[in-house]
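Before any comments, here is the structure.
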Amino acid sequence: MMDNAPLPFDTRTAFQQRLAEVLGRAQATLVMFDPDFSLFRLGAPDVDAVLRRFLHAGGRLRLALHDPAHLERDTPRFLRLLRDYAHGVECRRTPRTLRELTDSFCIADNVHIVRRFHSDHVRGEAAFDAPQQTELSRMRFDAIWAESQPGLQSSVTGL
């Protein structure tokens, strides 16, 4: 069905619009991988509001990343969200052996996805109501998650 075909994008604005759409559709699970989440705007008021609604309704958020410095330094709203919903959010840091991974994605409920092919660029695609489009990235996330350790805590200095 053509409605489930991947929708390409190649600008920051288009990526953030597709990401907002994936976040807004999430009901039960969100899994995300990015080296540092700097383009995800996790500290922005609109993203914070969507994530709070999602978590308040019982959703589960899992993030895997290489380096939490951006989130620790530049996203106080996200750190508050992490503290307020610690029971529904888990963040893990990848080991050095996985630092060469450079893709980036967000999967909602195993059926909606936005992914960038390389984290240094905004070119990517999104797919909605398309579980077949999420399968490879979901398996990739599970493998990354299994190798990673807890990495971003709500008790970061400065809270």
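Gap in Å between the Cα centre of region 21-69 and the Cα centre of region 115-144?
Going from one Cα centre to the other spans 15 Å.
Name the trypsin sites (Lys or Arg not before Pro) in region 68-102 that are in a loop by DSSP and that have at most 12 other C-beta atoms within 10 Å, would you? Walk me through the numbers before you get to the answer.
Values: sites: Arg73, Arg77, Arg80, Arg83, Arg92, Arg93, Arg96, Arg99; in loops: Arg99.
Sites meeting the loop and neighbour criteria: Arg99.
With a/c under 1.5 counting as rounded, go ahead and sort region 6-150 into rounded, prolate or oblate using the C-alpha gyration tensor (a ≥ b ≥ c being the square roots of the eigenvalues; past the cut-off, prolate if a/b is larger than b/c, else oblate).
rounded
Looking only at region 6-150, where both bridge partners belong to it, what percent of the DSSP beta bridges are antiparallel (to the nearest 5)?
Around 65 percent of the beta bridges assigned by DSSP in region 6-150 are antiparallel ones.
Before anything else, pin down the relative contact order of the chain: Cα pairs under 8 Å, at least 6 apart, normalised by residue count, whole percent.
31 percent
I want to verify a result. In a Gaussian network model of the chain, Cα cutoff 10 Å, which of these has the top mean-square fluctuation: Leu39, Leu136, Leu82?
Result: Leu136 has the largest fluctuation of those listed.
Under the Karplus relation 6.51 cos²θ - 1.76 cosθ + 1.60, θ = phi - 60°, what is the ordered set of whole-Hz ³J(HN,Hα) values for region 125-140, x standing for Gly and Pro?
These are the phi-based 3J(HN,Hα) values: 8, 10, 9, 10, 6, 9, x, 5, 6, 9, 4, 5, 5, 5, 5, 4 Hz.
Is it possible to state the helix-based mean residue ellipticity at 222 nm for the chain, with each DSSP H run of 4+ residues giving -39500 (n - 2.57), the sum divided by total residues, to the nearest 500 deg cm²/dmol? What is it?
-11000 deg cm²/dmol
Just so you know, all these numbers are worked out from the coordinates, no wet-lab data involved. The structure presented is a predicted model; accordingly, all values stated were derived computationally and were not measured. For neighbour counting, all protein chains shown are included, and Cβ atoms are generated from backbone atoms with ideal geometry for every residue, glycine included.
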